[in-house]
Amino acid sequence: MAKNMSNTRFRNIDVDAFDPEQFQDQDETGGDALSPGVGPDENQVAQLLQSNRHEEALKVALQNAPLKTKNQAVKDRATATVVRVLTSIKQTDMEKIVEKLSSDQLDLLMKYVYKGMEIQADDQTCKSLLAWHSHIFNKGGLGSIVRVMTDRRRL
């Protein structure tokens with residue numbers, strides 16, 4: 001028998017609090033579709049696209065991702081905005097834009113690529129999204145796909 005069996009101070013963690021069956025997703029945004037700070041600024045993205053500043057438009061579109069909201073309309077609108085930016089960028093510019101993104105931005109972009117394939121399934125959009133997927137995979141590797149697939153926060 002171990003000498004320190006009478007000392008139970010190390011047992012002060014509540015393991016039931018970490019039960020995945022008891023998980024409750026907390027909606028910090030209140031669920032309002034018009035909440036400020038939820039989703040990308042569509043007007044600013046449109047202005048950047050009109051002035052052919054695609055890289056900046058993509059970075060603005062990736063800001064304020066609506067991952068914590070439960071309102072699916074907000075998530076779909078954000079996805080449509082990001083997909084519009086992605087499809088407007090030429091294939092020759094994709095690689096240099098992807099190289100400038102951080103790991104977190106790559107993971108978020110991969111989420112948008114998968115969601116865009118789910119929502120907007122026309123041929124031209126899917127062709128562009130598959131090209132983006134290839135470039136993101138080349139930089140982020142398999143880890144990017146695994147992080148996106150295992151993340152509980154969905155678009």
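FYI, it's all coordinate maths here, none of it is from the lab. Owing to the predicted nature of the structure, the values given are computational and were not obtained by experimental measurement. So basically every Cβ, Gly included, is an ideal-geometry build from the backbone, and we count neighbours across all protein chains shown.
What the phi angles of the stretch 103-120 give under the Karplus curve with 6.51, -1.76 and 1.60, with θ = phi - 60°, is a coupling list of 5, 5, 5, 5, 5, 5, 5, 5, 4, 5, 5, 5, 5, x, 5, 6, 7, 10 Hz, glycine and proline written as x. Each Cα pair under 8 Å and six or more residues apart adds its sequence gap; the mean of these over the residue count of the stretch 27-155 is a relative contact order of 25 percent.
Efficiency by 1/(1 + (r/R0)^6): what FRET value for residue 147 and residue 17, r their Cβ-Cβ distance, R0 = 25 Å, to the nearest 0.05?
Values: r = 24 Å, r/R0 = 0.96.
The calculated FRET efficiency here is 0.55.
By its C-alpha gyration tensor, with a ≥ b ≥ c as the square roots of the eigenvalues, how is the stretch 36-150 shaped: rounded for a/c under 1.5, else prolate for a/b larger than b/c, else oblate?
Cα axes put the stretch 36-150 in the rounded bin.
Among the listed pairs 100/127; 75/139; 59/100; 68/100; 90/111; 75/127, which have their C-alpha atoms separated by more than 18 angstrom in this model? Over 18 Å apart, Cα to Cα: 100/127; 75/139; 68/100; 90/111; 75/127.
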